[in-house]
Amino acid sequence: MHLAYPAVLAVLLFSVGVYGVLARRNVVLVLMSVELMLNAVNLNLVAFDVWLRDTLHAGQALTLFTITIAAAEIGLGLAIVLLVYRTRRTAAVDGVTALGDRHEADDPAGAGPADAEKEQAAA
């Protein structure tokens, strides 16, 4: 097997992932693009491990660590996305500017905290 085939496929996957991270506004699509990038790295690790005929299979061991880290990243990322969506009602990257609570200065209508409580009680 030539090393060029998996390397070109990994470059294509990584490029699509970078484009997805830079061009998308939806957080879930950004997380999927990060996963594509990590899978491209995994493909390179396994391909070079096979090509070098490593007796310790270090590339495959590193791939297992990368898969574990990717699973943890997706779990935490989706939990954060769900929490942000519940509070802000948007999953857009541009809509989330700060992770803190909204202050009176952030409210464009000038409504105070009492007005916000009335709106929540009415809903």
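The values are calculated or read from the model by the stated rules, or taken from the named source; none is laboratory data. What you see is a predicted model; the values in this text were computed from it and never measured. Neighbour counts run over all protein chains shown; Cβ positions are idealised from the backbone, glycine included.
Within the set of pairs 6+ apart or on separate chains, which have a first residue in the stretch 41-65 that is of a type in the set (S, T, Y), a second that is modelled with pLDDT of 90 or more, and C-beta atoms under 9 Å apart? The qualifying pairs are T63/V41; T63/N42; T63/L43; T63/L45; T63/V46; T63/D49.
One line per residue, one yes/no per condition, for (1) touching a Ser or Thr at 6+ places or on another chain (Cβ under 8 Å); (2) at pLDDT below 95:
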| site | (1), (2) |
| --- | --- |
| V11 | no, no |
| N26 | no, yes |
| L38 | yes, no |
| R53 | no, yes |
| H57 | no, yes |
| L82 | no, yes |
